[in-house]
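S.K.: Got a structure for you, questions after.
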Amino acid sequence: MHEYRVLDSEIIHRGWAYDLTAETIAMPGGGTAKREYLQHVGAVVTVPLDEQGRVGLIRQFRVPAKELLWELPAGLRDVEGEDPALAARRELAEEADLRAADLVKLGEFYSTPGISSEMIHYYLATGLSPVPEAELHERTDEETHIELAWWDLDKALAAVADGEIRNGVCALALTLTKLHLDRN
């Protein structure tokens, strides 16, 4: 098995959630290749599931996509040393105004490993309760008009297949939730 060693690494650009990095890698057969990718801080996504088996989806504007997308509460792991489960709870509170009594890890997956090191940690949140009004997060920018809607899980999965839900992270999270519920 060939060892893909990093021979050279350079940060081309520093961003707010990632660095654009260029690396020269030792390739099979003695050659090298230069690859640029986003060295990303990582992220979390949380699937809020209520007692009726509905999932809480949020609708949020995404600048790169230039559209409102149905998603799940999610966010960056941009707090140094923060445990992914704590980040998931933080994002659930900030984006959906919810707390969870129970949090189950569904897995962790690279979002786009061909161009980014971003690792996303997936969680299922149950035993939901509202964040007290005095502790609500003040939303700004594209988070200002987040709307929360409760969807039947099967309807949400059908919306993935029909193209109404177009966020890949959300699609995987819904699928992982369905698999988890079917197994338990």
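S.K.: Apply the a/c threshold of 1.5 to the C-alpha gyration tensor of segment 98-184 and tell me whether it is rounded, prolate or oblate.
M.R.: rounded
S.K.: Modelled label-to-label distance, I115 and V79, 7 Å Cα→beta-carbon offset: nm?
M.R.: 3.0 nm
S.K.: What nm value, rounded to one decimal, do you get for the distance between E67 and T144 when each label is placed 7 Å out toward the C-beta?
M.R.: 2.3 nm
S.K.: So who's got an amide H within less than 5 Å of the one on S116, skipping anything under 5 residues away but keeping other chains? H placed 1.01 Å off N, in plane.
M.R.: L38
S.K.: Here is a follow-up. What number comes out for accessible area per residue over segment 64-166 if the probe is 1.4 Å? Units Å², please.
M.R.: Per residue, segment 64-166 has 57 Å² of solvent-accessible surface.
S.K.: Which cross-chain or sequence-distant (5 or more) residues have an amide H under 5 Å from the amide H of G107, H modelled 1.01 Å from N in plane?
M.R.: Amide H neighbours of G107, under 5 Å, 5+ apart: Y122.
S.K.: Going by the alpha-carbon gyration tensor, a ≥ b ≥ c the square roots of its eigenvalues, is segment 77-147 rounded (a/c under 1.5) or, if a/c is not under 1.5, prolate (a/b greater than b/c) versus oblate?
M.R.: Oblate, because a/c is 1.5 or more while a/b does not exceed b/c.
S.K.: What ³J(HN,Hα) values, in whole Hz, does the Karplus curve 6.51 cos²θ - 1.76 cosθ + 1.60 give for segment 81-88 when θ = phi - 60°, with x put for Gly and Pro?
M.R.: Along segment 81-88, the couplings run x, 6, 4, x, 5, 5, 4, 5 Hz.
S.K.: Then there is this: Once the dipole of segment 22-80 is set up with Lys and Arg at +1 and Asp and Glu at -1 on Cβ about the Cα centre, which of W70, V44, I58 lies farthest towards its positive end?
M.R.: Of the candidates, W70 comes out farthest on the positive side.
S.K.: Further, regarding this structure: Just by accessible area at a 1.4 angstrom probe, what is the order of D19, D8 from largest to smallest?
M.R.: Order by accessible area, largest first: D8, D19.
S.K.: Which value, in nm² and rounded to one decimal, describes the direction-averaged projected area of the C-alpha convex hull of the chain?
M.R.: 13.2 nm²
S.K.: What angle, in degrees between 0 and 90 and rounded to the nearest 10, separates the Cα long axis of helix 153-162 from the longest principal axis of the Cα atoms of the chain?
M.R.: 50 degrees
S.K.: What angle do you read, to the nearest 10 degrees and between 0 and 90, between the alpha-carbon axis of helix 168-183 and the longest principal axis of the chain?
M.R.: So the inclination is approximately 60 degrees.
S.K.: A further question on this structure: Please give the calculated 222 nm ellipticity per residue for the chain, where each DSSP H segment of at least 4 residues contributes -39500 (n - 2.57) and the sum is spread over every residue; nearest 500 deg cm²/dmol?
M.R.: That calculation yields -6500 deg cm²/dmol at 222 nm.
S.K.: Test of the criteria: in segment 46-104, which GluC sites (Glu not before Pro) are in a DSSP loop and have at most 11 other Cβ atoms within 10 angstrom of their Cβ?
M.R.: E51, E80
S.K.: Check each of the trypsin sites (Lys or Arg not before Pro) in segment 38-86 and keep only those in coil by DSSP with at most 10 other C-beta atoms within 10 angstrom; list them in order.
M.R.: Answer by residue number: K66.
S.K.: Still on this structure, I have one more. With θ taken as phi - 60° and the coefficients 6.51, -1.76 and 1.60, list the Karplus ³J(HN,Hα) couplings across segment 123-134 in order, rounded to whole Hz; mark glycine and proline as x.
M.R.: These are the phi-based 3J(HN,Hα) values: 9, 10, 10, 10, x, 7, 8, x, 5, x, 3, 5 Hz.
The values are calculated or read from the model by the stated rules, or taken from the named source; none is laboratory data. Just so we're clear, the structure is a prediction, and the values are computed from it rather than from any experiment. For neighbour counting, all protein chains shown are included, and Cβ atoms are generated from backbone atoms with ideal geometry for every residue, glycine included. Surface areas here come from the heavy atoms of the whole protein model, side chains and all, with no ligands, DNA or RNA. Shrake-Rupley method; radii C 1.70, N 1.55, O 1.52, S 1.80 Å.
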